[in-house]
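Structure, as structure tokens:
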């Protein structure tokens, strides 16, 4: 797994929105607010993922910790429908969670089972899931941060 921030993450304005929205909604920083936010998100010890607003939302970010958990690469993760992070029988539960986040802005009590690209199941708990909202109130997707 590369220690260096993938080039695409340094140019996507939604990456900064991950940290900005978290701080705005939860009243505390996700990563240190000074310096390179994209690099800090990439190197964070907790898994951080984000998807867009497509009809079938696609991941546009997964940090180093998330890619290790999901046993995949940036190239395979980015652009993957986020629903594939849960097994088919659990996708309805996941959808209900995302609808709750859309309605409430964020949740900080999510627990569930996820599946890696290689089929390994892993549990997460105490996950924070939040809406990516810019300064104009426009929603750009949702993000999650969690420990295994």
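Scan the range 125-148 residue by residue and report those that are in a strand (DSSP E or B) and free of Cβ contacts under 8 Å to residues at least 40 places away in the same chain. Spell out how you get there, then give the answer.
Here is the first cut: in the range 125-148, the residues in a strand (DSSP E or B) are 125-133, 139-147.
The answer is 125, 126, 127, 129.
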Checklist entry - residue 76 versus (1) in contact with a helix residue (DSSP H, G or I) (Cβ under 8 Å, 6 or more places away or on another chain); (2) part of a helix (DSSP H, G or I); (3) under 22 Å from residue 6 (Cβ atoms): which is the lone unmet condition? => result (1)
Checklist entry - Looking only at the range 117-148, which residues are loosely packed, with under 15 Cβ neighbours inside 10 Å and within 19 Å of residue 72 (Cβ to Cβ)? => result 118, 119, 120, 121, 122, 123, 147, 148
Next on the checklist: Can you say whether residue 50 is closer than 26 Å to residue 4 by Cα and without any contact (Cβ under 8 Å) to a residue 24 or more places away in the chain, as far as the supplied structure shows?
Outcome noted: no
Item to check | Matching residues, the range 1-43, being closer than 18 Å to residue 126 by Cβ, in contact (Cβ under 8 Å) with a residue 40 or more places away in the chain and not in a helix (DSSP H, G or I) | outcome: 30
Item to check | Selected residue [without any contact (Cβ under 8 Å) to a residue 24 or more places away in the chain and farther than 19 Å from residue 42 by Cα] from 83, 114, 121, 94 | outcome: 94
Checklist entry - Can you find a residue in the range 87-107 that is out of contact with any helix residue (DSSP H, G or I) (no Cβ under 9 Å at 6 or more places or on another chain) and assigned to a strand (DSSP E or B)? => result no
Item to check | Failed item, numbered, when residue 54 is tested on (1) farther than 21 Å from residue 31 by Cα; (2) assigned to a helix (DSSP H, G or I) | outcome: (2)
Checklist entry - When the range 89-109 is examined, which residues are found to be surrounded by fewer than 11 Cβ atoms within 10 Å (Cβ to Cβ) and closer than 17 Å to residue 143 by Cβ? => result 99, 103, 109
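Each reported figure results from applying straightforward, stated rules to the coordinates on display, with no laboratory input. Fair warning: this is a prediction, and the values are worked out from it, not measured in the lab. Note: ideal-geometry Cβ built from the backbone for every residue, glycine included; neighbour counts use all protein chains shown.
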